[in-house]
Amino acid sequence: MEPIALDAKLRVKPIYPVYSVTDRLFRIGAQRGITVDIDDPHGQMRALVDLLGGDRTIAAVLEQMRQRFPQLTDADMLEAIRQLAGRGLLEGAEPTPYETDPSLTRYLGNVNYFSHYATIAESRAAAQEKLRESKVVLFGLGGGGSYALPLLVAAGFGEIVAVDYDRVELSNLNRQLMYAEQDVGQFKADVAQRRMRQANSTVAVSTITKKIESARDVADIVGGADIAICAIDEPPFVAQRRVNAGCVSQGVPYVCGGSFVSRGRVFSVHPGESGCLDCLHIYYAGKDPLFASQLSAILDQDTGDVTIAFAPHIATVASFMVAEAVRMTTGHSPALSVGRQLELEYETGSWEHLWEWPRYGDECPTCGTGDPGDMFSMYEDVTASLRAATAGR
C-alpha cells in the first residue's frame with residue numbers, strides 16, 4: 001500500500017455505519033462479509049475513527065490523537081490508518097462532481113456503490129467516470145433488451161446505441177414494460193429512443209432500426225464500442241453467432257443472455273482473452289458426440305411462434321447482463337461470466353456455474369484459424385462475413 005500522505009484528507013466511507021456494540025467493541029459496517037469488529041479496550045481506535053471524518057488532514061488527526069493519547073507514536077497511528085485503508089474502509093474525502101454538479105447528482109447512488117470497491121489511491125467516482133466515457137451497443141429491444149436499455153441509461157454509459165427492427169405489438173406488453181398501448185404499431189427503436197432521451201439527458205442515446213442479417217451487420221455497428229450486449233435470439237443460434245463473429249472481428253467484448261422455460265442463461269466473451277461462442281461449440285462437441293446432430297435437428301425443427309416470456313424472470317436475467325457489462329467496462333469488480341456459462345434456475349432462484357471453456361485458437365473458425373467444417377456451416381457459415389468485416393480494419 002502507498003504511504004499515507006500527511007496532507008491527505010481521509011474519511012471512513014459514509015456507506016459504512018460506525019456504532020458501538022459493547023463498552024469495548026465497536027463495528028464498522030452492517031453487512032455480512034463487510035462488517036469489521038474492532039476490540040478497543042482503551043478507546044483509542046474509536047477516537048481515531050471518529051477523527052477520520054474527512055474534515056481534517058492526517059497531520060491534524062495525528063496531532064489531536066497525540067493530545068488525547070500521548071503514549072501513542074505517529075508510527076502506531078499511521079499503521080492503524082493503513083490497516084483501516086487495507087480493509088477498504090477509508091476513502092479520499094475530496095468532493096467529486098457528483099456531489100457538486102446538480103446535473104450529475106442523479107449518479108450519486110452509483111458513486112456511493114462503487115465507493116465500496118475504491119481504495120484511498122483512487123477516486124470513488126473513477127468507475128462512474130469510466131462509464132460516462134464508454135460506448136455500449138445493445139442488440140435487441142424485445143424482452144431482455146427492453147429491460148436492459150433503461151438500466152444502461154441509469155448506469156450512465158456515455159453513449160448507447162440500440163438496434164432493433166421490430167414494431168411494438170400488444171402481445172409484447174406482458175414483459176416489455178418500456179412500451180405502452182399507444183405505442184403499438186410503432187418501431188421499438190423509435191419509442192425507445194424517445195423514452196430514454198426523456199429519462200436521461202446526460203446520455204447520448206441513439207437507435208438503429210435494422211434487422212441483423214450477418215456478422216458484417218454487427219461489425220459495422222460495434223466498431224469503436226467498449227462493450228456490447230446481445231439480447232436477440234432470432235433466428236435461434238444463428239443470431240448469437242452473428243453477434244459473436246461481428247464482435248470478435250472488432251475486438252469488442254460482449255455479454256449474451258436469454259430466458260427459456262424455467263431457466264435463464266448468461267455468458268460473456270472477451271475477444272483475444274476468452275473463448276468465443278464458437279469455441280464453446282467446439283467444447284460441447286468434445287464433451288458430447290451427439291452435439292452436432294442434436295444441433296442440426298433443432299435447427300430443422302419448426303418451433304412456430306410460441307412465446308414463453310414471464311416478466312420477472314426476464315428482468316432478472318437482463319439485470320445480470322447489464323451488471324456484467326458494467327463490471328467488464330469499469331473493472332470495479334471481476335466479471336463473473338467471461339468464458340463461462342451461468343444458469344439461473346427460476347424456481348429456486350439459484351445461479352449455477354455450468355461450463356467454463358478455453359479458447360481454441362487452432363480450431364475455432366471465428367476467433368482462431370480453424371476451418372468452419374460441417375458443424376458450423378450447417379447453421380450459417382459466418383466465416384466469410386467475418387473475414388469481410390476484418391478486412392477493412
In the stretch 203-220, which residues are in contact with a Phe, Trp or Tyr (Cβ under 8 Å, 6 or more places away or on another chain) and surrounded by fewer than 22 Cβ atoms within 10 Å (Cβ to Cβ)? Val203, Thr209, Lys210, Lys211
Going residue by residue through the stretch 232-242, is there one that turns out to be basic (Lys, Arg) and under 26 Å from Val269 (Cα atoms)? yes
Leading residue by the ranking (farthest from Arg241 (Cα to Cα)) among those in the stretch 194-209 that are more than 22 Å from the chain's Cα centre (by Cα) and not hydroxyl-bearing (Ser, Thr, Tyr): Gln198
Selection from the stretch 113-131 of residues within 27 Å of Ile314 (Cα to Cα) and either out of contact with any helix residue (DSSP H, G or I) (no Cβ under 8 Å at 6 or more places or on another chain) or among the β-branched types (Val, Ile, Thr) (or both) yields Tyr113
Checking Val255, Val248 in turn, the sole residue that is closer than 28 Å to Val153 by Cα, open to solvent by less than 40 Å² (accessible area, probe 1.4 Å), part of a helix (DSSP H, G or I) and touching a residue at least 60 places away in the same chain (Cβ under 8 Å) turns out to be Val248
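When you scan the stretch 306-317, do you find a residue that is farther than 30 Å from Ala155 by Cβ, modelled with pLDDT under 95 and surrounded by fewer than 16 Cβ atoms within 10 Å (Cβ to Cβ), even just one?
Going through the stretch 306-317, the residues farther than 30 Å from Ala155 by Cβ turn out to be 306.
Checking which are modelled with pLDDT under 95 leaves us with 306.
Subsequent filtering for residues that are surrounded by fewer than 16 Cβ atoms within 10 Å (Cβ to Cβ) retains 306.
Yes, the stretch 306-317 has at least one match.
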Scan the stretch 318-330 residue by residue and report those that are open to solvent by 20 Å² or more (accessible area, probe 1.4 Å) and in contact (Cβ under 8 Å) with a residue 12 or more places away in the chain. Ser319, Phe320, Met328, Thr330
Is it the case that some residue within the stretch 87-97 is open to solvent by 80 Å² or more (accessible area, probe 1.4 Å), part of a helix (DSSP H, G or I) and more than 23 Å from Gly33 (Cα to Cα)? no
Which numbered condition trips up Tyr283, out of (1) outside any helix (DSSP H, G or I); (2) open to solvent by 40 Å² or more (accessible area, probe 1.4 Å)? (1)
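Condition check ((1) assigned to a helix (DSSP H, G or I); (2) within 23 Å of the chain's Cα centre (by Cα); (3) modelled with pLDDT of 95 or more) across all residues:
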{"residue": "Lys211", "(1), (2), (3)": "no, no, yes"}
{"residue": "Gly224", "(1), (2), (3)": "no, yes, yes"}
{"residue": "Ile229", "(1), (2), (3)": "no, yes, yes"}
{"residue": "Glu234", "(1), (2), (3)": "no, no, no"}
{"residue": "Arg241", "(1), (2), (3)": "yes, yes, no"}
{"residue": "Val261", "(1), (2), (3)": "no, no, no"}
{"residue": "Val266", "(1), (2), (3)": "no, yes, yes"}
Using the structure shown, decide if Arg132 is modelled with pLDDT of 95 or more, surrounded by fewer than 21 Cβ atoms within 10 Å (Cβ to Cβ) and in contact with a Gly (Cβ under 7 Å, 6 or more places away or on another chain). yes
What number goes with the only condition from (1) without any contact (Cβ under 8 Å) to a residue 60 or more places away in the chain; (2) on the phi > 0 side of the Ramachandran plot that Phe237 does not pass? (1)
Being assigned to a loop (DSSP other than H, G, I, E, B) and either buried (at least 17 other Cβ atoms within 10 Å of the Cβ) or in contact (Cβ under 8 Å) with a residue 12 or more places away in the chain (or both) narrows it down to one residue among Ser146, Ser103; which is it? Ser103
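The values are calculated or read from the model by the stated rules, or taken from the named source; none is laboratory data. Computed from a predicted model, the values in this text were never measured in an experiment. Reconstructed Cβ throughout: ideal geometry from the backbone, glycine too, with neighbour counts over all protein chains shown. Ligands, DNA and RNA are excluded from the accessible area calculation, which covers all protein heavy atoms including side chains. Shrake-Rupley method; radii C 1.70, N 1.55, O 1.52, S 1.80 Å.
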